[in-house]
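The values are calculated or read from the model by the stated rules, or taken from the named source; none is laboratory data. Nothing here was measured: the structure is a model prediction, and the numbers come from that model. Counting neighbours? That spans all protein chains shown, and the Cβs are built from the backbone with ideal geometry, glycine included. Note: accessible area is taken over every heavy atom of the protein model, side chains too, but ligands, DNA and RNA are not part of it. Shrake-Rupley method; radii C 1.70, N 1.55, O 1.52, S 1.80 Å.
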Amino acid sequence: QVQLVESGGGLVQAGGSLRLSCAASGRIFSINAMGWYRQAPGKQRELVAAISSGGSTNYADSVKGRFTISRDNAKNTVLLQMNSLKPEDGAVYYCNAEISFGLGTRWFEYWGQGTQVTVSS
């Protein structure tokens, strides 16, 4: 049983900062890409940032220069540092990870339960 547990969401004023954390637990052999997605009311879930096992990163244009994704492979965690937050950043943020359970086995995609980020203007 694998779990992705997120923390760090909350209410912040525009221009403020939050840091989201996601920890993967269970009988994990390895984790490939990890990422953060978000979904605002009435909108589709969108990629915010992703990071490969080797540390390569990818960001949505709307967050470039403001958000930073990082990971600790030893702890199976991924972080999202969010600075200069805007009201339009408000959404439920979901952690995502590609996980395998053995050498040469397929990757399975897992999601966290989501954490709410609200940015007041």
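Which FRET efficiency value, to the nearest 0.05, do you get for S53 and S84 by plugging their Cβ-Cβ distance into 1/(1 + (r/R0)^6) with R0 = 25 Å?
The computed FRET efficiency comes out at 0.30.
Simple spin-label estimate for Q3 and N73 gives 2.6 nm between the two label positions (7 Å along the Cα-to-Cβ direction from each Cα). Computed on protein heavy atoms with a 1.4 Å probe, the accessible areas place R19, R45 in the order R19, R45, largest first. If only the Cβ of Lys and Arg carry +1 and only the Cβ of Asp and Glu carry -1, the dipole of the chain around its Cα centre is close to 80 debye.
Extension gain, W111-A40: 0.36 nm per intervening residue step, less the Cα-Cα distance, totals 23.9 nm.
Within the same chain, lysines fewer than 8 places from K86 are excluded, and of the rest, those with a Cα less than 23 Å from its Cα are K43, K64.
Taking the mean number of other Cβ atoms within 10 Å as a proxy for protection, how do you rank 2-8, 90-96, 105-111, 75-81 from highest to lowest?
Numbers: 2-8: 16.0, 90-96: 21.6, 105-111: 12.3, 75-81: 19.4.
Put in order of decreasing packing, that is 90-96, 75-81, 2-8, 105-111.
Each Lys and Arg adds +1 at its Cβ and each Asp and Glu adds -1 at its Cβ; summed about the Cα centre, the stretch 38-108 shows a dipole of about 40 debye.
Taking a straight Cα-Cα cut-off under 24 Å and skipping sequence neighbours fewer than 8 places away in the same chain, no lysines fall within cross-link reach of K75. Estimated at the nearest 10 Å², the accessible area of K86 is 80 Å² with a 1.4 Å probe. In sequence order, the stretch 110-116 has phi-based couplings of 10, 10, x, 7, x, 9, 7 Hz under the Karplus curve 6.51 cos²θ - 1.76 cosθ + 1.60, θ = phi - 60°, and Gly or Pro positions carry x. Paramagnetic label reach from S100 (point 7 Å along Cα→Cβ; backbone nitrogen cut-off under 13 Å): within the stretch 24-48, residues 29-33.
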